[in-house]
Amino acid sequence: MVIQRIQTLFLLIAAVLMAVFAFFPAFDLSMIVLIILISVLAVIDIFLYNNLQRQMTVCFVDIVIGLALLVSICIQAVRLMMDDIPVYWNWTWVLPILSVIFLMLAHRAMSKDKKKLRDADRLR
């Protein structure tokens, strides 16, 4: 596989979205660690194009961590609302959702590549 595949673009977009999301305040340390971990794993995943199975595994782990981040954000928002602290929703809350969507698109593109490789090996 080559680095110029569409999943590279999806992974780069996901990494940039999470990096931008990290610069907005109102997070505790565990969420900052998850945000940075998602961004770094997406960048590392770009350069794992030689081993497609490992790239898919890292992408799947990144998706799971992204979903864990979304759950922790929702839990933090509910806790704040239960303490009668107003939670202001703005456009930045969409960034982790978009990041997880792009990670899922990248994983889907990788599985399509894997299917193409399997079909090409069968024809040999």
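Quick note: the coordinates plus some simple rules give every number you see, no bench work behind them. Small disclaimer: the values here were computed from a predicted structure and weren't measured. FYI the Cβ positions are ideal-geometry reconstructions off the backbone, even for glycines, and counts take in every protein chain you see.
Kindly write out, for the range 82-98 in residue order, the coupling ³J(HN,Hα) from the Karplus curve 6.51 cos²θ - 1.76 cosθ + 1.60 (θ = phi - 60°), rounded to whole Hz, with x marking Gly and Pro.
Those phi angles translate into 5, 8, 6, 9, x, 10, 9, 8, 9, 5, 5, 6, 7, 4, x, 5, 4 Hz.
What is the sum of charges, Lys and Arg at +1 and Asp and Glu at -1, for the other residues whose Cβ falls under 11 Å from the Cβ of Gln55?
Charge balance near Gln55 sits at 0.
Projecting each Cα onto the charge dipole of the range 6-123 (Lys/Arg +1, Asp/Glu -1 at the beta carbon, about the Cα centre), which of Leu70, Phe23, Leu117 comes out farthest on the positive side?
Leu117
Rank the residues Val58, Val78 as a footprinting-exposure proxy: fewest other Cβ atoms within 10 Å of their Cβ go first.
Exposure proxy ranking, most exposed first: Val78, Val58.
With +1 on the Cβ of every Lys and Arg and -1 on the Cβ of every Asp and Glu, and nothing else charged, how large is the dipole of the chain about its Cα centre, in debye rounded to the nearest 20?
880 debye
For the range 57-124, give the magnitude of the charge dipole about the Cα centre (Cβ charges: +1 Lys/Arg, -1 Asp/Glu; no others), in debye to the nearest 20.
700 debye
Compute the Rg to Rh ratio over the chain from the alpha carbon atoms, using the Kirkwood formula for Rh, and round to two decimal places.
So for the chain, dividing Rg by the Kirkwood Rh gives 1.09.
Please give the net charge around Met18, taking every other residue with its beta carbon less than 14 angstrom from that of Met18, where Lys and Arg add +1 and Asp and Glu add -1.
The answer is -2.
Run the reach check for Lys115 against aspartates and glutamates, Cα to Cα strictly under 20 Å, same-chain hits fewer than 8 apart removed. What comes back?
Asp45
In nm, what is the difference between 0.36 nm times the number of residues separating Val40 and Val87 and their Cα-Cα distance?
Roughly 14.1 nm would be gained on extension.
What is the fewest-to-most order of Ile6, Ile13, Ile85 by other Cβ atoms lying within 10 Å of their Cβ?
Listing Ile6, Ile13, Ile85 from fewest to most nearby Cβ atoms yields Ile85, Ile6, Ile13.
For the range 6-123, what is the relative contact order in percent, using Cα pairs closer than 8 Å and at least 6 residues apart in sequence?
That works out to 39 percent.
Name the long-range amide H neighbours of Phe27: under 5 Å, sequence gap of 5 or more, or other chain; modelled H, no Pro or chain starts.
none
List, in order, the whole-Hz ³J(HN,Hα) value for each residue of the range 40-52 obtained from phi through the Karplus relation with A = 6.51, B = -1.76, C = 1.60 and θ = phi - 60°; use x for Gly and Pro.
The phi angles translate into 5, 5, 5, 5, 4, 5, 4, 8, 9, 5, 6, 10, 5 Hz.
If you take every residue apart from Ile38 with its C-beta less than 15 Å away from the C-beta of Ile38, what net charge results, scoring Lys and Arg +1 and Asp and Glu -1?
The answer is -2.
When a footprinting reagent is the concern and you count Cβ atoms within 10 Å, what order do Ser99, Ser111, Ser39 take, fewest first?
Fewest-to-most Cβ neighbours within 10 Å comes out as Ser111, Ser39, Ser99.
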